[in-house]
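Scroll down for the structure; my scribbles are underneath it.
The values are calculated or read from the model by the stated rules, or taken from the named source; none is laboratory data. Values in this document were obtained by computation on a predicted structure and should not be read as measured data. Positions of Cβ are backbone-derived with ideal geometry, glycine not excepted, and every protein chain shown enters the neighbour counts. Heavy atoms of the whole protein, side chains included, go into the accessibility calculation; ligands, DNA and RNA do not. Shrake-Rupley method; radii C 1.70, N 1.55, O 1.52, S 1.80 Å.
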Amino acid sequence: MAASCSTFPFLAQSEFEVACQDLADRCIAAQNIGWSAIRLLTKPEGFGLRITKCVNVPNPLEEPLEPSALEDLEESQDEDPEALVRAKPHPSLQIDYDILLSPTYQVPVLYFGLRWHNHGPLGLEEVYQYVVPERYRQELKNVGVMGGISMGYHPESGAPTFFVHPCNTADAMANIADAQSVTPGSYLLIWLGLVGHCVNLHVPRELFA
């Protein structure tokens, strides 16, 4: 039986790495869990985890059709039922979630970025529109000055990124989990269920097997 976390509700670097490996192994064993990819991120002081997910939604970057163009499209659809599908595709929105351990807070932090195919990264407005489920939007916006979702720089790449601020993570973990029964692997699953659901990263039930 795996040992419980030594500094719960915090997580040591070595335990975090064990937890990342455990989650990656669970994903490989489960297969077909709805995530596009999951891989370990190697970095100088240890490693983290990247989960990639694709969501099919209408692309706001597309130009709206003019009335005359819409009429032509409808006429072509009468002749070819698949014309509308080809002309107005719903491309995938790619979301990359990076799980890293905060050296300051000693808890995992969820960083994420989103982009359309062949387009650059999108902004906070699109995050709330396409990533945050409607029932969590106001709650996240009301947390702190900047809201529960903050923008900063990725600690590894240095690129601008969004992240769920970790200031309340330790307290939340302490309130919902028993220190004696939480292993590094279960810690990460509980944390991901706690943080991930508000940014469209739901934990598949297969991972709890």
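For the range 1-46, the set of residues classified as of a type in the set (Gly, Ala, Ser), assigned to a helix (DSSP H, G or I) and in contact with a helix residue (DSSP H, G or I) (Cβ under 6 Å, 6 or more places away or on another chain) consists of Ala19, Ala30, listed by residue number. Every condition in (1) surrounded by 11 or more Cβ atoms within 10 Å (Cβ to Cβ); (2) out of contact with any Ser or Thr (no Cβ under 8 Å at 6 or more places or on another chain); (3) at pLDDT 50 or above is met by Gln77 except one, and the failing one is (3). Of all the criteria given as (1) open to solvent by less than 90 Å² (accessible area, probe 1.4 Å); (2) at pLDDT below 85; (3) over 25 Å from Gln21 (Cα atoms), the one not satisfied by Glu139 is (1).
If I filter the range 149-200 down to residues being at pLDDT 90 or above, part of a loop (DSSP other than H, G, I, E, B) and in contact with a Cys (Cβ under 8 Å, 6 or more places away or on another chain), which single residue comes out as least open to solvent (accessible area, probe 1.4 Å)? Only one residue fits best here, namely Val182. Considering the range 103-136, the residues that are among the polar types (S, T, N, Q) and surrounded by fewer than 17 Cβ atoms within 10 Å (Cβ to Cβ) include one that is nearest to Val57 (Cα to Cα), namely Gln129.
Residue-by-condition table, conditions (1) of a type outside the set (Gly, Ala, Ser); (2) in contact with a Gly (Cβ under 9 Å, 6 or more places away or on another chain); (3) open to solvent by less than 70 Å² (accessible area, probe 1.4 Å):
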{"residue": "Ser4", "(1), (2), (3)": "no, no, yes"}
{"residue": "Thr7", "(1), (2), (3)": "yes, no, yes"}
{"residue": "Phe10", "(1), (2), (3)": "yes, no, no"}
{"residue": "Glu17", "(1), (2), (3)": "yes, yes, yes"}
{"residue": "Cys20", "(1), (2), (3)": "yes, yes, yes"}
{"residue": "Leu23", "(1), (2), (3)": "yes, yes, yes"}
{"residue": "Ala29", "(1), (2), (3)": "no, no, no"}
{"residue": "Pro44", "(1), (2), (3)": "yes, no, no"}
{"residue": "Gly48", "(1), (2), (3)": "no, no, yes"}
